[in-house]
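> Provided herewith is a single structure, encoded as structure tokens, for subsequent inquiry.
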Amino acid sequence: MHILLPTAALSIALTGAALAQQGGSVSIAEVKAQAFLERSGRWSDDLATTKTELRNLPLPTSPLGEPADAVLVTLVFQGPKNTQSSRALARDMATLSVKQTKGGESRPLVYRALGGFHFNDAGQAYKAFMLDEATCAPLEIEVKVGRSRKAQKLAFACDEAKPEAGGAAKEAKGGQAGGSKGRGR
């Protein structure tokens, strides 16, 4: 046990030294967002660069050609080729913040720290996460690492409510799809 701690500390120090020697700054290169297309099981093109209006995506009449209410966000980081960044050094840690605005109120969906990037031959590393039921209100994604910062706004909007799953089945059984039965409203 006493041998493992100094070895781990030495490993972290050497990784940090290797990054510093190679100009080791980590930066955010790109923020991509793709909708999950529910009929075909495919991912859309990058919504951050599309000229398609991002309105009513969960509906069958979606401008993407099929319903989509989940979003895959991929973060692309740039750093020294063929290295791994430290999970312990603040300069190599990224912060991620995702907020969604509904009814004039901004609420946080995701806030986390990311580190330990494994850079490939091109000096890029990737992190990704999924947001479910996220395509009916604007999203703001912000990533910071060191002095590097990227913000991406996705102007999602819906004119009408997404049909509730199983609503017709509940009504057919004599229940209420809205769920307000017995609440005195």
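The values are calculated or read from the model by the stated rules, or taken from the named source; none is laboratory data. None of the values given here were measured: they were computed from a predicted structure. So basically every Cβ, Gly included, is an ideal-geometry build from the backbone, and we count neighbours across all protein chains shown.
> Evaluate the following for ALA29: is it at pLDDT 95 or above, assigned to a strand (DSSP E or B) and farther than 13 Å from ILE141 by Cβ? Outline the logic, then answer.
Details: at pLDDT 95 or above: yes; assigned to a strand (DSSP E or B): yes; farther than 13 Å from ILE141 by Cβ: yes.
Criteria met by ALA29.
> Just a yes or no: is a residue in region 64-71 part of a strand (DSSP E or B) and modelled with pLDDT of 95 or more? Step through it out loud before you land on a result.
In the first step, residues of region 64-71 are kept if they are part of a strand (DSSP E or B); the result is 71.
Still in the list and also modelled with pLDDT of 95 or more: 71.
Yes: one or more hits.
> Turning to a different aspect of this structure: Of everything in region 55-71, what is of a type in the set (S, T, N, Q) and free of Cβ contacts under 8 Å to residues at least 12 places away in the same chain? Give them in sequence order. Walk me through it before giving the result.
The initial filter retains those residues of region 55-71 that are of a type in the set (S, T, N, Q), namely 56, 61-62.
Once the filter is applied, which keeps residues that are of a type in the set (S, T, N, Q) and free of Cβ contacts under 8 Å to residues at least 12 places away in the same chain, region 55-71 yields THR61, SER62.
> Based on what the data block shows, is ALA122 within 15 Å of the chain's Cα centre (by Cα) and assigned to a loop (DSSP other than H, G, I, E, B)? Quick ask: steps written out before the conclusion?
Details: within 15 Å of the chain's Cα centre (by Cα): no; assigned to a loop (DSSP other than H, G, I, E, B): yes.
Taking the combined requirement at face value, the residue does not satisfy it.
> Here is a follow-up. Quick one: count up the residues across region 104-124 that are crowded, with 17+ Cβ neighbours inside 10 Å and touching a residue at least 60 places away in the same chain (Cβ under 8 Å).
Of the residues in region 104-124, 1 are crowded, with 17+ Cβ neighbours inside 10 Å and touching a residue at least 60 places away in the same chain (Cβ under 8 Å).
> Part of a loop (DSSP other than H, G, I, E, B) and free of Cβ contacts under 8 Å to residues at least 60 places away in the same chain: which single residue out of THR74, THR135, THR52, THR101 fits that description? Can you show your working first?
On the way: THR74 fails: part of a loop (DSSP other than H, G, I, E, B); THR135 fails: free of Cβ contacts under 8 Å to residues at least 60 places away in the same chain; THR101 fails: part of a loop (DSSP other than H, G, I, E, B).
The unique qualifying residue is THR52.
> Could you list, in sequence order, the residues of region 75-98 that are surrounded by 16 or more Cβ atoms within 10 Å (Cβ to Cβ) and under 17 Å from LYS153 (Cα atoms)?
Passing the criteria: LEU75, VAL76, LEU96, VAL98.
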